[in-house]
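Here the structure is laid out as structure tokens; the discussion comes afterwards.
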Amino acid sequence: MRFVLTIAVVGALAAGCGGGSDGRLSKQDFLQQASAICKRYDAKVAALGSPSSPADIPQFVERGIPVIQQGIAELRALRPPADLEGDYNRMLDETEKAIPAARRLADAAEKRDAAAVQKAIEEGNAADEASDRIATKLGLSECAAD
């Protein structure tokens, strides 16, 4: 899932229609809606720009986290087919791991702690890579980083 905060984002929208009598979306509707959400939130994160210096990181993170949280909430509102639910939840769980990593990144940048900055970036990237692997497995290419 795209969530490279420097490392940054995710997507989401929950309109729900089509699917089984248990309220779950059909696979096609699920993939279409989740992909649209990811694409929309990727654009929102891209609109935030990028930090141009370490001093810009805390403000970037402060503006980016609410966007990411909203995207995750909208994605969690989708009801995927039962056979995709476990992987989908793991994808979102991995994406959420980037939020505390982003906060640690902002704190480390503010303190000018290069080692802590690097560690936070590595944590965020690891969560992003794990999320991307699952998104690709699910067929959610819009939710995987480029």
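Worth pointing out:
- Going through (1) modelled with pLDDT under 95; (2) surrounded by 15 or more Cβ atoms within 10 Å (Cβ to Cβ); (3) closer than 20 Å to Ala144 by Cβ one by one, Gln33 falls short only on (1).
- Subset of region 81-98 that is of a type in the set (A, V, I, L, M) and modelled with pLDDT of 95 or more - its residue that is nearest to the chain's Cα centre (by Cα): Leu92
- Hits in region 36-53 - residues which are open to solvent by 30 Å² or more (accessible area, probe 1.4 Å) and assigned to a helix (DSSP H, G or I): Ala36, Lys39, Arg40, Ala43, Lys44, Ala46, Ala47
- Any hit, region 54-67, residues being farther than 20 Å from Ala127 by Cα, free of Cβ contacts under 8 Å to residues at least 60 places away in the same chain and surrounded by 21 or more Cβ atoms within 10 Å (Cβ to Cβ): no
- Within region 89-106, restricting attention to residues that are over 15 Å from Ala73 (Cα atoms) and in contact (Cβ under 8 Å) with a residue 40 or more places away in the chain, the residue that is most open to solvent (accessible area, probe 1.4 Å) is Arg103.
The values are calculated or read from the model by the stated rules, or taken from the named source; none is laboratory data. Just so you know, these numbers come straight off a predicted model, no measurement behind them. Cβ: placed from backbone, ideal geometry, glycine included. Neighbour counts: every protein chain shown. What goes into the accessible areas is simple: the full protein's heavy atoms, side chains included, and nothing from ligands, DNA or RNA. Shrake-Rupley method; radii C 1.70, N 1.55, O 1.52, S 1.80 Å.
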